[in-house]
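Asker: First the structure, then my questions, so here it is.
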Amino acid sequence: MVDPHNGKKENAKLVWTFYIPAGVSGVLTIGCIFGANRLGSRRTIAAQVLLAASERAYSAYRDEVIEELGERKDVAIRDKVAEKLVEAKPPPEVMIAGTGDVTCCEAFTGRYFSCSMEKLKRVQNELNAKLLRDDYCTLDEFYWLLGLEYTQTSSEVGWKSNKLMALEFTSTTHKEQPVLVFNYNYVTHL
């Protein structure tokens, strides 16, 4: 029993065994935190390597398609893909954000909004100017310039200054109304 009249050393000798479980738990907890962090970092790096490899493969594939089939056929293929995208997920009756006179479909997320092609090109130019100043831009910044809500992953992807952002446009119709479908080139994980 701990006696208040004993010195600190004597009391510590009496109760030190009670602190062993708490100490072991603390050390194990710290070890688990470091282990999980290291494992998470490795998985993130592996995902980034795979994403970069798939981006290079897609870019090489696309260049080869253009070389083999020509730019007209490439545009025709992209138009067909846009048509299937709009057929699979048609635009809502009420638009969710933005202003303008054309229904736009962002192929990356499949979201619809109203906007003009001129505004999309102006935002592209603003983003490229920022890219040249700051070395990178996120998809969040593109959405902010358009007045759209962010997505769960939009802060993690974007562009680096070595390849400027360019929107790739195609169009289709839905219920006899035009739909401007666009995608991004060179979007990468930041």
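The values are calculated or read from the model by the stated rules, or taken from the named source; none is laboratory data. Quantities reported herein were computed from a predicted structural model and do not represent experimental measurements. Here the Cβ positions follow ideal geometry from the backbone for every residue, glycine too, while neighbour counts run over all protein chains shown. Surface areas here come from the heavy atoms of the whole protein model, side chains and all, with no ligands, DNA or RNA. Shrake-Rupley method; radii C 1.70, N 1.55, O 1.52, S 1.80 Å.
Asker: Given 0.36 nm per residue, what is the gain on full extension from Glu67 to Thr44 after removing their alpha carbon distance, in nm?
Answerer: 4.8 nm
Asker: So, with +1 on the Cβ of K and R and -1 on the Cβ of D and E, and no other charges, what is the size of the charge dipole of the stretch 1-49 about its Cα centre, to the nearest 20 debye?
Answerer: In debye, rounded to 20, the stretch 1-49 gives about 300.
Asker: Just the Kirkwood number for the chain, please: inverse of mean 1/r across all distinct Cα pairs, in Å, one decimal.
Answerer: With all distinct Cα pairs of the chain included, I get 20.9 Å.
Asker: Test of understanding: what is the full-extension gain from Val187 to Ala60, defined as 0.36 nm times their sequence separation minus their Cα-Cα distance?
Answerer: 44.2 nm
Asker: What's the longest uninterrupted piece of the chain once you rule out the trypsin sites (Lys or Arg not before Pro) that are loop residues per DSSP with at most 13 other Cβ within 10 Å?
Answerer: Answer - 1-162.
Asker: Along the charge dipole of the stretch 14-165, pointing to its positive end and built from +1/-1 on Cβ of Lys, Arg, Asp and Glu, which listed residue (Gln124, Tyr58, Asn37) has its Cα farthest out?
Answerer: Going by the charge dipole, the pick is Asn37.
Asker: With a cut-off of 8 Å between alpha carbons and a minimum separation of six or more residues, what is the relative contact order of the stretch 74-190 in percent?
Answerer: It comes to 28 percent, rounded to a whole number.
Asker: For the stretch 118-180, which chymotrypsin sites (Phe, Trp or Tyr not before Pro) are in a loop by DSSP, counting at most 16 other Cβ atoms within 10 Å?
Answerer: Loop-located and lightly packed - Tyr150.
Asker: Could you compute how much accessible surface Glu126 exposes when probed at 1.4 Å, giving the result in Å² to the nearest 10?
Answerer: It works out to around 80 Å².
Asker: By the gyration tensor of its Cα atoms, with a ≥ b ≥ c the square roots of the eigenvalues, what is the shape of the stretch 1-56: rounded for a/c under 1.5, prolate for a/b over b/c, or oblate?
Answerer: Prolate, because a/c is 1.5 or more and a/b exceeds b/c.
Asker: Separation between the Ser25 and Asp135 pseudo-spin-labels, each 7 Å from Cα along Cα→Cβ, expressed in nm?
Answerer: Going from the Ser25 label point to the Asp135 one covers 4.5 nm.
Asker: Multiply the residue gap between Ser116 and Asn11 by 0.36 nm, knock off their C-alpha separation, and tell me the result in nm, one decimal place.
Answerer: The Ser116-Asn11 span can extend by a further 29.9 nm.
Asker: In nm, to one decimal, how far is the modelled label at Glu149 from the one at Ile77, with both set 7 Å along Cα→Cβ?
Answerer: 3.5
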